[in-house]
Amino acid sequence: MKKSILWLVAGLVVVMLAVALPGLAARAQADAPDSSLPGGTFAVRIYYNEISDLDNLNGYDVWEYNNLKERYVLASMTQDGYYQLAQQGWRMEVDEEGTNMLNPAYVDALLDEYRTVDQLYADMDAIHAANPTITEIVDYGDSYCKSIGGCVTPGGDAQAGYDLRAMRITNQAITGDKPAFFLMANIHAREITTPELAMRMIDWLVNGYNTNADATWIVDYHEVWVVPSVNPDGRWIVDLGTQPPYNNGRWTQRKNANRSDGCNSWPPNGFSQYGIDLNRNHSFMWNSGGSSGQPCNLEFRGSSAASEMEVAQLETLVKSIIPDQRGPGITDPAPLTATGIFITMHSYSELVLWPWGFTTSPAPNKVNLQKIGDKFATYNGYTSCQPSICLYDTSGTSDDFAYGELGVASFTFEVGTSFMPPYSQIDSIQWPDNAPALQYAARIARMPYKLVEGPDSRNLSATPFAPNQVFLRAELNDTQNGGQVIKFGFYSIDKPYWVAGFSPHALYPRDGSYNTSNEVGAAVIDTSGLTPGRHIIYVHAMDVNNNLGPASAIFLDVP
Ligand code: 0X9
Ligand code: ZN
């Protein structure tokens, strides 16, 4: 699927060869040119009835993408090939986006809209400088190129390499152990929308501190770790784009920039490139299926488990943040009280994936991993599934590592529908789709396996209606958390339940009784005892199975 567009580059070559064959060239001349079709090479959707029909497309440059819902595959095509297939009865349609991606100038223009690693790092610096008490930049190691004193591509492009950088976001004035949400992006270099989403998560927390009640308590009581680019060296190759002399796919780099394993394929393309697939290099169950031992393969696992700097140091960082909560046996579950949550963002396919990837067997915490994955999917509309079942086997991936090693609830998001959409789609589609899921992850980080079973508290309002009287209202909804009847709702002011001095007050059912899975709870708050200024109201609900839901919060400004 997502490797799809890369076949473009391969496709170009194949089609050029085909056109050069004398027999085909003669036929092309014989057919009258169709003015409704683009000239040269273009992309088409080829519709099929049965998957087995696709066997008859051998010899055509069919990309990896397969739209199962609408039943079409994409292929690069010339008018000549189009006529041949049309004569055989295939229904086809020109695919505009695919056709655009065959044009180097178009690709470069899109690429230019995205931040480079240097720009991402400069923006992290600026965010930290403006918000020093709630952010910290953690340099957790050096990229491969930096560690060897610089890299040169076979084409002569030189890079110095990069620091490996995380941002830790938490209010440093509140100390103690805090539940962690670890969010990483761009382990695959060409998946360039993912660092943008990671940066927007940082922005939401930092800009929301003291302006959005949920962002505020998350920053106060949780710690969010964000690594916008796990693979900066590879990303640097991507940013070389399509410029001459290669005029093609350096932007197709998926792996890191280590070429010490013997592959010197250059420039990269969709089936051959140097580097290690960092999402096959993790130590947990490394080399147990779904990876390649061929250095030029796109899923090359590397020479040994966690051989790559980028992976080894990431693992050390994650293990320093999230405690090990799972036994050593492959079937040992983590307790449902396990803390922390881990998400790695990839593109593309609109999927929420959860362990295991290396086997089709269920993970010991499968039931609750799936509950969380399904819950994310209610927000982003993606398909939630176990990758070894709905996609393909993979070993040495980040999510299997985080869950397998530590028992932490871990997920892969495959965001969006292409590697390089117009940049405006980050803010018009990808962030709006994924922000609520990422924010939910941050809210349940304390105990994800349990909190996901508890009701949501939604649409809070706190409305002053008389001197010192505020009407608090919240929707207490369990319909997407198991569907149990609401047992009760409560709120507390300034102190959430995990803080000493917490004092709960009841929310009363608006309709007289809590007897459905979707209720409205309300209370009148007397503010006369509160100090003037800004307070936070925390709201929770519990269902009849005694599942407690995560906090939702709203500000209460006392004059
Ligand atoms: O193959 C991959 O690494 C992921 N797809 S991508 O196109 N972004 O490269 C899918 C990984 C699926 N497996 C796990 N999440 N474990
Ligand atoms: Zn990926």
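The values are calculated or read from the model by the stated rules, or taken from the named source; none is laboratory data. All values reported here derive from a predicted model rather than from experimental measurement. Here the Cβ positions follow ideal geometry from the backbone for every residue, glycine too, while neighbour counts run over all protein chains shown. Heads up: the accessible areas ignore ligands, DNA and RNA and are worked out on the full protein's heavy atoms, side chains in. Shrake-Rupley method; radii C 1.70, N 1.55, O 1.52, S 1.80 Å.
Structure above, values below:
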| quantity | calculated |
| --- | --- |
| Unique residue being under 26 Å from C296 (Cβ atoms), open to solvent by less than 10 Å² (accessible area, probe 1.4 Å) and not in a loop (DSSP other than H, G, I, E, B) when the list is M199, M124, M167, M184 | M184 |
| Residue tally, condition away from ligand 2 (no atom under 16 Å from the Cβ) and open to solvent by 10 Å² or more (accessible area, probe 1.4 Å), over region 339-357 | 1 |
| Flag for F465 being without any contact (Cβ under 8 Å) to a residue 60 or more places away in the chain, open to solvent by 40 Å² or more (accessible area, probe 1.4 Å), part of a strand (DSSP E or B) and at negative phi | yes |
| Test result for N297, within 16 Å of ligand 2 (Cβ to nearest atom), open to solvent by 10 Å² or more (accessible area, probe 1.4 Å) and not in a helix (DSSP H, G or I) | yes |
| Where a residue in region 207-228 is over 13 Å from R446 (Cα atoms) and its partner, wherever it lies, is open to solvent by 10 Å² or more (accessible area, probe 1.4 Å) and charged (D, E, K, R), with Cβ under 8 Å and at least six apart | G208/D214; N210/R534; D214/R443; W225/R168; V227/R165; P228/R165 |
| Residue check for F502: within 27 Å of the chain's Cα centre (by Cα) and within 30 Å of S320 (Cβ to Cβ) | no |
| Positions within region 358-393 being open to solvent by 10 Å² or more (accessible area, probe 1.4 Å) and hydrophobic (A, V, I, L, M, F, W, C), in sequence order | F358, V367, A377, C385, I389, C390, L391 |
| Where a residue in region 345-368 is farther than 10 Å from Q386 by Cα and its partner, wherever it lies, is of a type in the set (K, R), with Cβ under 6 Å and at least six apart | Y348/K2; S349/K2 |
| Subset of region 379-390 [touching a strand residue (DSSP E or B) at 6+ places or on another chain (Cβ under 9 Å) and touching a residue at least 60 places away in the same chain (Cβ under 8 Å)] | none |
| Region 510-559: number of residues that are open to solvent by less than 30 Å² (accessible area, probe 1.4 Å) and over 28 Å from T211 (Cα atoms) | 3 |
| Scan of region 63-93 for residues that are of a type outside the set (D, E), surrounded by fewer than 18 Cβ atoms within 10 Å (Cβ to Cβ) and closer than 28 Å to Y382 by Cβ, ordered by number | N66, N67, L68, K69, R71 |
| Residue count for region 300-312, restricted to those that are assigned to a loop (DSSP other than H, G, I, E, B) and either in contact with a helix residue (DSSP H, G or I) (Cβ under 6 Å, 6 or more places away or on another chain) or surrounded by 14 or more Cβ atoms within 10 Å (Cβ to Cβ) (or both) | 7 |
| Cβ-Cβ under 7 Å pairs, at least 6 apart or on other chains, region 177-198 side on the phi > 0 side of the Ramachandran plot, far side open to solvent by less than 10 Å² (accessible area, probe 1.4 Å) | N186/T194; N186/P195; N186/P228; N186/S229; N186/V230; N186/N231; N186/R235 |
| Helices (runs of 4 or more DSSP H) completely within region 313-425 that count 1 or more residues being of a type in the set (V, I, T), modelled with pLDDT of 95 or more and more than 10 Å from ligand 1 (Cβ to nearest atom) | 366-380 |
| Scan of region 274-294 for residues that are open to solvent by 50 Å² or more (accessible area, probe 1.4 Å) and without any contact (Cβ under 8 Å) to a residue 60 or more places away in the chain, ordered by number | Q294 |
| Any hit, region 513-526, residues being outside any loop (DSSP other than H, G, I, E, B), among the aromatic types (F, W, Y) and touching a residue at least 12 places away in the same chain (Cβ under 8 Å) | no |
| Inter-residue pairs, beta-carbon under 8 Å, first over 18 Å from N186 (Cβ atoms) and within 16 Å of ligand 2 (Cβ to nearest atom) and in region 249-264, second open to solvent by less than 10 Å² (accessible area, probe 1.4 Å) and charged (D, E, K, R), 6+ apart | none |
| Qualifying residue in region 143-163 (condition: in a strand (DSSP E or B), buried (at least 17 other Cβ atoms within 10 Å of the Cβ) and modelled with pLDDT of 95 or more) | yes |
| Hits in region 411-430 (condition: open to solvent by less than 40 Å² (accessible area, probe 1.4 Å) and either closer than 23 Å to V206 by Cα or within 15 Å of ligand 2 (Cβ to nearest atom) (or both)) | F411, T412, F413, E414, V415, G416, S418, F419, M420, I426, Q430 |
| Some residue of region 189-212 being modelled with pLDDT of 95 or more, under 22 Å from G150 (Cα atoms), touching a His at 6+ places or on another chain (Cβ under 7 Å) and within 16 Å of ligand 2 (Cβ to nearest atom) | no |
| Any hit, region 477-492, residues being among the acidic types (D, E) and open to solvent by 20 Å² or more (accessible area, probe 1.4 Å) | no |
| Lone unmet requirement of (1) out of contact with any His (no Cβ under 7 Å at 6 or more places or on another chain); (2) in contact (Cβ under 8 Å) with a residue 40 or more places away in the chain; (3) over 30 Å from A198 (Cα atoms) for I444 | (3) |
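Here is a yes/no grid of residues against (1) within 21 Å of S398 (Cα to Cα); (2) among the β-branched types (V, I, T):
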| residue | (1), (2) |
| --- | --- |
| G241 | no, no |
| R250 | no, no |
| N258 | yes, no |
| G289 | yes, no |
| M309 | yes, no |
| V318 | yes, yes |
